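Bear in mind that the values in this text are calculations on the coordinates, not laboratory data. None of the values given here were measured: they were computed from a predicted structure. As a convention, Cβ positions derive from the backbone with ideal geometry for all residues, glycine included, and neighbour counts pool all protein chains shown.
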Amino acid sequence: MNRRDFLKNSITVIAGLAVPLSALELINPRKLLAEKPDGSRVRWAFLVDTQACVGCGFCVKACKTENEIPHETNITRTWVERYVVTKKGKTYVDSPKGARDGFTTDRIDLNEEGLQEINKDDVEKAFFVPKLCNQCENPACVQVCPVGATYQTPDGVVLVDRKHCIGCAYCIMACPYAVRSFHPEYKTAEKCTFCYHRITKGMKTACVDACPFGARKIGNLRDPDDPVTKTIMSGRIGVLKEQYGTKPQVYYIGLSKEVK
Amino acid sequence: MGSHVWRPLYIAVALIVLVLIARTFLVPEDFGVHERGYMYGMHRKGNENEWKAVTVKYRTASYCKECHADKVESLSRTPHGIINCENCHGPALNHPDDPPTLTIDRSRALCLRCHAALTTPTSGRANIVGINPDTHNPGAECSLCHDPHNPISRSHSDEQARLSQK
């Protein structure tokens, strides 16, 4: 090893050692539980149990009605995905109309490629995954808004100001979870609000109330006695696309590696 | 320096002043950096209340119970007791004032949301009684034979009737 290589390698090692462990940590719900200096006593978080979901789509229907999303359009604030993994390791995903009418057939809806029949004996596992806005602690969609139309409330919900939104759709592109869409009537960015009008009145979101199987739950991360908080703090949960650093606040029970 | 240097500068200054004056009128007073800081909290504060003011449509079973306590109670003792009333009866809004009657969804499609048999071995769906919609009395309304408020007893008695005929 010559002197140049020695110096190079030493600098790399020192730089590597200098990175604090906390910088490598992706998500830690305990940090959100600790009260922040802004004094907010509420931080909303969501818990989805993918084992319990049966793909009935009542949540999607209720959400569309509650939040006045035109029933016939394909946009929806929440949707349910079906994952079918075959024994050969191929994964099929579909969500016809966002599962507004539930899943009533075994055929997989591949959009323009038509319906895919899968032999029952080839199915290794098949399950449903409800999706909605993750109300990230570091929302990428908010950072990119050029006009201050989208923002995060003190209790952690990301909202869109329809009067200020210019409809540039930059936020729709920025969201790694594709939860934002374009409202066909208001011509503004549209997204899940955790039913802000309900949770701030002490109610649960429309999707939580509509779910017969308890697959969806909402809770306050700053309340240590909240059953949802207790489950999240147990650590036996997962989040979507953790590597993006957005710190999503929708936690999943029974997440599978095929789910993206 | 000649005035030809200063003149464009005056115009530029005038434009800046004009923009600043226009801004005081056009930007709402409550627009600014709020709790979540510059990166996440710059917004019009009043918009939070606009979102809070959205009408609640689904009032949940606790609201239905105020008048229909008997129905809510009897339903809660059946397997369908986990389903919120409004999933089939529609959002209550301000019922009975507005709307005076609710539209009940009796369609086959509603029942099939849960009771169409699917190959989903690793989900809760596998534990629900399912039928093949193409072969199980196609076109018939489910409530002709099944009582949605008491799914067990009716199907059970049907089963017994069918057995006694044999």
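Each of A:Cys141, A:Phe127, B:Ala117 was scored by the projection of its Cα onto the charge dipole of the protein assembly as shown, and the greatest displacement toward the positive side belongs to A:Cys141; charges sit on the C-beta of Lys, Arg, Asp and Glu.
Pairs of alpha carbons in the range B:58-148 separated by more than 23 Å make up 35% of all such pairs. Measuring spread by the Cα atoms of the range A:139-260 yields a radius of gyration and Dmax of 15.5, 43 Å.
With +1 assigned to the C-beta of every Lys and Arg and -1 to the C-beta of every Asp and Glu, and no other charges, what is the dipole magnitude of the range A:140-190 about the Cα centre in debye, to the nearest 20?
The dipole magnitude comes to about 120 debye.
With chain A treated as a Gaussian network of Cα nodes joined by springs under 10 Å, which of A:Gly148, A:Gly55, A:Gly16 yields the largest mean-square fluctuation? With Cα springs under 10 Å in chain A, the top fluctuation among A:Gly148, A:Gly55, A:Gly16 is at A:Gly16. Pairwise Cα separations in the protein assembly as shown fall into 20 Å bins from 0 onward with the following percentages, short to long: 21, 48, 22, 7, 1, 0.
The residue among A:Pro154, A:Ile166, A:Val179 whose Cα reaches farthest toward the positive pole of the charge dipole of the range A:140-190, with charges on the beta-carbon of Lys, Arg, Asp and Glu, is A:Ile166. Estimated from the Cβ-Cβ distance and a Förster radius of 30 angstrom, the FRET efficiency linking A:Lys31 and B:Ala126 is about 0.20. If you bin all the Cα-Cα distances of the range A:140-190 at 10 Å, starting from zero, the percentages per bin are 28, 60, 12. Spin-label model, B:Val54 to A:Lys257: label points 7 Å out along the Cα-to-beta-carbon direction sit 3.8 nm apart. Assuming charge only on the beta carbon of Lys and Arg (+1) and of Asp and Glu (-1), the dipole of the protein assembly as shown about its Cα centre is about 1160 debye to the nearest 20.
Taking 7 Å steps out from each Cα toward its Cβ at B:Val33 and A:Lys90 produces label points 5.4 nm apart. Using only the alpha-carbon atoms, how far is helix B:3-26 inclined from the longest principal axis of chain B? Give it as 0 to 90 degrees, nearest 10. Taking the Cα atoms of chain B, the angle to B:3-26 is about 30 degrees. Computed over chain B, relative contact order equals 14 percent, with contacts defined as Cα pairs under 8 Å that lie 6+ residues apart. In sequence order, the range A:204-217 has phi-based couplings of 9, 5, 4, 5, 5, 5, 7, 6, x, 10, x, 6, 10, 9 Hz under the Karplus curve 6.51 cos²θ - 1.76 cosθ + 1.60, θ = phi - 60°, and Gly or Pro positions carry x. When chain A is described by a simple charge dipole with +1 on each Lys and Arg Cβ and -1 on each Asp and Glu Cβ, the residue from A:Val19, A:Val48, A:Leu240 located farthest towards its positive end is A:Val19. Normalised by the number of residues in the range A:85-215, the mean separation of alpha-carbon contacts (under 8 Å, six or more apart) gives a relative contact order of 15 percent. log₁₀ I(q)/I(0) of chain B at q = 0.11, 0.12, 0.17 Å⁻¹, via Debye over equal Cα point scatterers, no solvent, to two decimals? Values, matching the q order: -0.73, -0.80, -1.14.
Under a point-charge model restricted to the Cβ atoms of Lys and Arg (+1) and Asp and Glu (-1), what is the dipole moment magnitude of the range B:1-98 relative to its Cα centre, in debye to the nearest 20?
440
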